[in-house]
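Asks: Below: one structure in structure tokens.
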Amino acid sequence: NAFHMDEYVVLSREAPQSFGYYLCKHVFSLLPFKSVNFLRGDAPDAAAECARYAVLLRRFPPDVVTLGIGENGHIAFNEPGQVLHNNAHIEALTESTIAANARFFADADAVPKKAISMGMGDIMRASKIILIATGPKKADAIRGLIMNENVDVNNPSTMLKMHPDVTVI
């Protein structure tokens, strides 16, 4: 379910460590969604997968996007930094994100260093956004989302302030 490609670990949706696996097991298998569309983390050509997903989202804008949040404020692996991408892209993960995900892997070297992610524009085009934050380690990121009046690339979740229908759980 995990293999190395282009110097980084690639996870299929069937890999228990993948977010897709988690969502299928704990959400999508329990609710009657018409369809669920994922980026394929195990696609042989990551750039082509990003392009495929961008076309899909232009044709079928998402009704609901469900997100987690990282300790550093990343959402959907859109990491803090100089640029927030509009469309699906390959994102280099920060050391804090890699460290936070290490608990899901038997070997720290198996933790992916990059991820294929929806872009912030993809997320913002959804009709509804649900952000789920659990645990005390997410408190600073949520505090930044709630208390910061401006959009801040150092806490990508702050971009959600510009969306008309966001629920934070």
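Asks: Pairs, please: C-beta under 6 Å, at least 6 apart or cross-chain, first residue surrounded by fewer than 12 Cβ atoms within 10 Å (Cβ to Cβ) and in segment 44-60, second not charged (D, E, K, R)?
Replies: Listed by first residue and then by second, the contacts come to nothing, as the list is empty.
Asks: Something else: Are there any pairs with C-beta distances below 7 angstrom linking a residue in segment 85-105 that is in contact (Cβ under 8 Å) with a residue 24 or more places away in the chain to a residue that is part of a helix (DSSP H, G or I) and open to solvent by 70 Å² or more (accessible area, probe 1.4 Å), with the two at least 6 apart or on different chains, and if so which?
Replies: none
Asks: I would also like to ask the following. Go through (1) in contact with a helix residue (DSSP H, G or I) (Cβ under 7 Å, 6 or more places away or on another chain); (2) within 14 Å of Thr158 (Cα to Cα) one by one and return the number of the condition Ile90 breaks.
Replies: Result: Ile90 fails condition (2) only.
Asks: Take Thr97 and tell me if it is open to solvent by less than 70 Å² (accessible area, probe 1.4 Å), at pLDDT 95 or above and not acidic (Asp, Glu).
Replies: So Thr97 fails the test.
Asks: Here's a follow-up. Could you list, in sequence order, the residues of segment 154-169 that are in contact (Cβ under 8 Å) with a residue 60 or more places away in the chain and open to solvent by less than 50 Å² (accessible area, probe 1.4 Å)?
Replies: Answer for segment 154-169, where residues must be in contact (Cβ under 8 Å) with a residue 60 or more places away in the chain and open to solvent by less than 50 Å² (accessible area, probe 1.4 Å): Asn155, Pro156, Ser157, Thr158, Met159, Leu160.
Asks: Under 7 Å between Cβ atoms, at least 6 apart or on separate chains: pull out the pairs that start in segment 125-150 with a residue that is in contact (Cβ under 8 Å) with a residue 12 or more places away in the chain and end on any residue that is part of a loop (DSSP other than H, G, I, E, B) and of a type in the set (S, T, N, Q).
Replies: Between residues of segment 125-150 that are in contact (Cβ under 8 Å) with a residue 12 or more places away in the chain and residues that are part of a loop (DSSP other than H, G, I, E, B) and of a type in the set (S, T, N, Q), the close pairs are Ala141/Asn72.
Asks: Tell me the helices (runs of 4 or more DSSP H) entirely within segment 73-169 that contain at least 2 residues that are over 27 Å from Pro16 (Cα atoms).
Replies: Passing ranges, in order: 120-124, 139-147.
The values are calculated or read from the model by the stated rules, or taken from the named source; none is laboratory data. Everything numeric here is computed off the predicted structure, so don't read it as measured data. Neighbour counts are summed over all protein chains in view; Cβ atoms, including those assigned to glycine, are modelled from backbone coordinates with ideal geometry. In case anyone asks, the SASA skips ligands and DNA or RNA and just uses the protein heavy atoms, side chains included. Shrake-Rupley method; radii C 1.70, N 1.55, O 1.52, S 1.80 Å.
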